[in-house]
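Before any comments, here is the structure.
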């Protein structure tokens, strides 16, 4: 944070806030970086895009992960171990290699296009790479386990007697799911959503490899400021704002957990 308020000098890329000359301490706090963030469309768009794609990824992970976690929680012990292995298996491979694999599958000459053209489903390759679609595919694939695991932990500990009581009182399975199962799994939903949303906001690798000009995100802007422009104070200001954005859902999570513990 100190660097974001400092004036960068050629001899000192980290900048300085304090100078001592002739027994006088001079304090210089530069607010220009933060004012520029609020005025420049590039930063505003990338912040909004980061939040948007992180939110969409979180919702998609929840829609895909909840049924899988529910099935795992209700499966037998032997099947549960196999399903858990399937969830953890991608972590045995390098994150970067997995993203490059999607790049090979979604490109114009990739596996998917070649297969669809070979069976006559399409005449020309589908443009899937460097689009919001490819970005979301990579984000959901990469962060889906972080949604499934908290949900599975919560659902596996759920007291099934509540579900049995609802059935005895004449509730339909669908009504029981929405009015009993989902409310009881709220802590798992919130924990999983935070584990997905928070890293997605500052994601750099996936947008860089699978995204394109139409999907600018703040992680790429931070990289450019640090390593291309060598403007460390500006890059630090961008980073501080990202941290503040991430703190908001963390505060919400902590508040919810505190209220839940007090209600027990």
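The values are calculated or read from the model by the stated rules, or taken from the named source; none is laboratory data. Keep in mind that this is a model prediction, so the values were computed, not measured. Here the Cβ positions follow ideal geometry from the backbone for every residue, glycine too, while neighbour counts run over all protein chains shown.
Restricting 213, 199 to those that are in contact with a helix residue (DSSP H, G or I) (Cβ under 8 Å, 6 or more places away or on another chain) and either in the same structural domain as residue 57 (by TED's automatic domain parsing) or touching a residue at least 12 places away in the same chain (Cβ under 8 Å) (or both) reduces the list to 199.
Which number in (1) touching a helix residue (DSSP H, G or I) at 6+ places or on another chain (Cβ under 7 Å); (2) without any contact (Cβ under 8 Å) to a residue 40 or more places away in the chain; (3) surrounded by fewer than 18 Cβ atoms within 10 Å (Cβ to Cβ) marks the one condition that residue 117 misses? Evaluating residue 117 over (1) touching a helix residue (DSSP H, G or I) at 6+ places or on another chain (Cβ under 7 Å); (2) without any contact (Cβ under 8 Å) to a residue 40 or more places away in the chain; (3) surrounded by fewer than 18 Cβ atoms within 10 Å (Cβ to Cβ) leaves (1) as the failure. Being assigned to a helix (DSSP H, G or I), at pLDDT below 85, in the same structural domain as residue 157 (by TED's automatic domain parsing) and more than 30 Å from residue 153 (Cβ to Cβ) is the requirement here; does residue 35 meet it? Yes: the conditions hold for residue 35.
Quick check: is even one residue across the range 225-232 assigned to a helix (DSSP H, G or I), under 15 Å from residue 47 (Cα atoms), in contact with a helix residue (DSSP H, G or I) (Cβ under 9 Å, 6 or more places away or on another chain) and modelled with pLDDT under 80? Within the range 225-232 (the criterion being assigned to a helix (DSSP H, G or I), under 15 Å from residue 47 (Cα atoms), in contact with a helix residue (DSSP H, G or I) (Cβ under 9 Å, 6 or more places away or on another chain) and modelled with pLDDT under 80), the answer is yes, since at least one residue qualifies.
Checking each residue in the range 121-168 for being farther than 14 Å from residue 74 by Cα and either outside the structural domain of residue 55 (by TED's automatic domain parsing) or assigned to a loop (DSSP other than H, G, I, E, B) (or both) picks out 121, 122, 123, 124, 125, 126, 127, 128, 129, 130, 131.
On the given criteria, is residue 91 touching a helix residue (DSSP H, G or I) at 6+ places or on another chain (Cβ under 8 Å), surrounded by 12 or more Cβ atoms within 10 Å (Cβ to Cβ) and assigned to a helix (DSSP H, G or I)? Considered against the rule, which asks whether it is touching a helix residue (DSSP H, G or I) at 6+ places or on another chain (Cβ under 8 Å), surrounded by 12 or more Cβ atoms within 10 Å (Cβ to Cβ) and assigned to a helix (DSSP H, G or I), residue 91 comes out as no.
Is it the case that the range 233-252 has a residue that's part of a loop (DSSP other than H, G, I, E, B), surrounded by 13 or more Cβ atoms within 10 Å (Cβ to Cβ) and at pLDDT below 80? Checked against the condition, which is being part of a loop (DSSP other than H, G, I, E, B), surrounded by 13 or more Cβ atoms within 10 Å (Cβ to Cβ) and at pLDDT below 80, the range 233-252 yields no hits at all.
Condition test on residue 107, is it surrounded by 17 or more Cβ atoms within 10 Å (Cβ to Cβ), more than 27 Å from residue 193 (Cβ to Cβ) and over 18 Å from the mean Cα position of the chain (by Cα)? Yes: the conditions hold for residue 107.
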